[in-house]
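Below is one structure, written out as C-alpha cells; the observations come after it.
The values are calculated or read from the model by the stated rules, or taken from the named source; none is laboratory data. Values in this document were obtained by computation on a predicted structure and should not be read as measured data. Backbone-built Cβ (ideal geometry, glycine too); neighbour counts: all protein chains shown. The protein model used for the area step is the full one, side chains on, heavy atoms only, and it has no ligands, DNA or RNA in it. Shrake-Rupley method; radii C 1.70, N 1.55, O 1.52, S 1.80 Å.
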Amino acid sequence: MNKYQRIAQVNQVFTPGYPVSHQDMFAGRMEQLQRVVETLHAPGRHPVMFGQRGVGKTSLANILGQVLQEMLSVKVSCDGADTFATVWNRVMVTASVRFKQKALGFTGEDSERSLTLSQVLGHDPTSTKPAEIADLLKRMNAPAAVILDEFDKLTTPEIKAQFADLIKIVSDTAPLITIVIVGVAENIHELVGEHESIQRNLVHVELPLMSDSEIQTIFTKGLDRLGIGYADSVVTQVPMLAGGFPHYAHLLGLASAKAVIHGEATAITHAHFDQACAYALADAVEKYRDAFARATATTQASRYPRILAACGHAKTDGRGVFRATDVVDAFKAVFGEALSVQAVVPALGEFLSDERAEVLKAVSVAGRQCYRFSDPMMRPYCRLKAMEILGLQPPKLQH
Ligand SMILES: Nc1ncnc2c1ncn2[C@@H]1O[C@H](COP(=O)(O)OP(=O)(O)OP(=O)(O)O)[C@@H](O)[C@H]1O
Ligand SMILES: [Mg+2]
C-alpha cells in the first residue's frame with residue numbers, strides 16, 4: 001500500500017466529521033447501550049437518549065440496529081421544517097424491505113416498492129393523527145424500533161404533544177414497538193415537553209461527556225485497526241486534550257496517523273504527536289479557529305491568547321462553569337506565570353462581547369459572576385492552542 005492509499009484508509013477509520021456507523025469503530029458507552037437495549041425489550045417503555053451537542057448520540061443510535069440483529073429498526077433524522085406527518089412519511093420511505101415485510105406485513109412487490117405514508121394510509125396524510133399512526137404500528141407483528149434522531153429540531157408544543165399522544169397510545173396498544181427519541185437537550189422535558197401521561201413510559205438515557213478511558217479507547221482502537229503502534233505516554237495525552245468530546249479523539253487520531261505515515265514510521269513518537277496537534281489545529285472546525293482568532297485579536301502583543309487558552313484548562317463544576325480565580329490557577333499551571341485576578345477579569349469581560357465572538361457566556365452562581373464557554377466544544381480547541389503556545393509540549397498540569 002502506498003502512502004496515499006494508507007492516508008485514505010486512515011480517513012475511513014477516524015471520522016471526526018461523521019458519526020460512527022459500524023461497531024468496529026464504536027468505543028465505550030456500554031452502560032448507555034445496555035440501558036437502551038433493556039428498554040427495547042420492555043413493552044410500553046421507550047428510551048430518550050439526550051446529551052449535549054457532539055457527545056455521540058447519533059453514533060449510539062446507529063449501532064443499535066447492528067447490536068440487535070433480531071430486532072427490526074428504522075432510523076430517520078428530523079428537521080426544523082417537519083410536521084408530524086412528514087416525520088412518519090420519512091419513516092415509511094426509509095423502512096427496509098425486511099421491515100415492511102416482517103413488521104408491517106407487506107408482501108411481494110408491495111414490500112419491494114418505496115412506500116410513502118400516503119400510500120400506506122390510502123389518503124392525504126397531511127392531517128394524520130397520532131391514533132392513525134398508532135393503528136399502523138399496531139399491525140407490526142415482530143419487535144421493531146423506530147429511531148427518531150435530531151428530535152430537538154421539532155420545537156413546537158403541538159408537534160411534541162402529537163408525539164406524546166402517539167407514545168401513550170403505542171405503549172397501551174402496541175407492545176412490540178419501541179420509539180427511540182434522540183436529541184440535544186439537558187433533560188428529557190426539554191426534548192419531549194412536559195407530558196404527565198407518558199412519564200412512566202419514558203426511560204432517560206443521558207449521554208454525558210466521555211470518560212478518559214472511553215476517549216483513549218477510540219484513539220487506540222483506530223490505531224490498532226491501522227496497525228500503528230503507540231506508547232502509553234502518548235495515549236494518555238489524548239483525554240486531556242479532548243475534554244470528553246469523541247470528535248477530538250477522532251481528530252487527534254487522524255492527525256497522529258497522518259504524522260506517522262508522512263514520517264514513514266510504524267509507531268507514534270512524541271514528536272509525531274506534536275506534529276499531530278499542529279495538524280489538528282489546522283484541521284479543526286473553522287468555527288472554533290475563527291472564534292479563537294476573533295476573541296484574541298489585538299494590534300499589539302497581549303495576554304489574550306494565553307488567557308483564553310488557560311480558560312480551556314480552568315477547573316469547572318459539573319456544568320462547565322468556572323470562576324476568574326480558576327483561570328488564574330490554570331494560567332499558573334499551564335504557563336508557569338502568576339497573574340492577578342484583576343489582570344484576568346477585563347480579558348474575560350472582553351470574551352463575553354459580540355466583537356470577540358462571544359466565546360464565553362456570563363453565569364451567575366450564588367451572586368458571583370462566573371463563566372462558561374458558549375460552545376463547550378471550544379474548550380478542547382483552547383487546550384490544543386495552549387499546546388501550540390507552549391511550543392507543542394503538553395502542559396504539566398498540577399490541578
Ligand atoms: N462511541 C463512539 N465511539 C467512537 N467514536 C464516536 C463514538 N461516539 C461518537 N463518536 C465520534 O464523535 C463524533 C460525534 O459523534 P456523533 O455525531 O454521533 O455525536 P452527536 O451527539 O450525534 O452530535 P450532534 O449533537 O452534533 O448530533 C463523530 O466523529 C463520531 O464518529
Ligand atoms: Mg447527531
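Angle check, please: helix 324-335 long axis (alpha carbons) against the longest principal axis of the chain (alpha carbons), in degrees 0 to 90, nearest 10. Long axis of 324-335 versus the principal axis of the chain: about 60 degrees. Bridge orientation summary for the chain: considering DSSP beta bridges with both residues in this region, about 25 percent are antiparallel.
Rounded to the nearest angstrom and listed largest first, the equivalent-ellipsoid semi-axes of region 286-389 from its Cα gyration tensor are 18, 16, 14.
Close amide H partners of I147, meaning residues 5 or more places away or on another chain with modelled amide H under 5 Å apart, are V74, K75, V76, V180. Across the options A161, V97, L308, the greatest Cα extent toward the positive end of the charge dipole of the chain (unit charges at beta carbon of Lys, Arg, Asp, Glu) belongs to L308. Kindly express, to the nearest 10 degrees and within the range 0 to 90, the angle between helix 341-351's C-alpha long axis and the longest C-alpha principal axis of the chain. That works out to roughly 40 degrees. With R₀ fixed at 41 Å, the C-beta to C-beta distance from I7 to V97 puts the FRET efficiency at about 0.65. With a cut-off of 11 Å on the backbone N, the residues of region 167-206 near the modelled label site 7 Å out from E31 along Cα-Cβ are 206.
Full extension of the chain segment joining H270 with D110 gains 51.7 nm, where the gain is 0.36 nm per residue of separation less the Cα-Cα distance.
Testing the spin-label approximation: label points 7 Å from Cα along Cα→Cβ at E388 and L68. State their distance in nm. A separation of 4.4 nm, rounded to one decimal place. Here the accessible area of the chain is 50 percent carbon and sulfur, with a 1.4 angstrom probe and all protein chains present. The distance from the alpha carbon centre of region 280-319 to that of region 7-28 is 27 Å, rounded to a whole number. Charge dipole of the chain (Cα centre as origin; +1 on each Lys and Arg Cβ, -1 on each Asp and Glu Cβ, all else neutral): 620 debye, rounded to the nearest 20. Near G44: Cβ cut-off under 11 Å, other residues only, Lys/Arg at +1 and Asp/Glu at -1. The net charge is +2. Summarising the label geometry, the points placed 7 Å from Cα in the beta-carbon direction at K153 and Q199 lie 3.1 nm from one another.
Solvent-accessible area per residue in the chain equals 45 Å², computed with a 1.4 angstrom probe and all protein chains kept.
Heavy-atom accessible area for S197, with the other protein chains in place and a 1.4 Å probe, reaches approximately 60 Å². For the set K100/K287; K138/K221; K57/K385; K3/K75; K287/K315, the pairs lying more than 30 angstrom apart at their alpha carbons are K100/K287; K138/K221; K3/K75.
All Cα-Cα separations within the chain were binned at 10 Å from zero, giving a P(r) of 5, 20, 25, 22, 17, 9, 2, 0, each value a whole percent of the pairs. Every Cα-Cα pair of region 29-206 was included, and the share exceeding 22 Å stands at 40 percent.
Heavy-atom accessible area for K221, with the other protein chains in place and a 1.4 Å probe, reaches approximately 60 Å².
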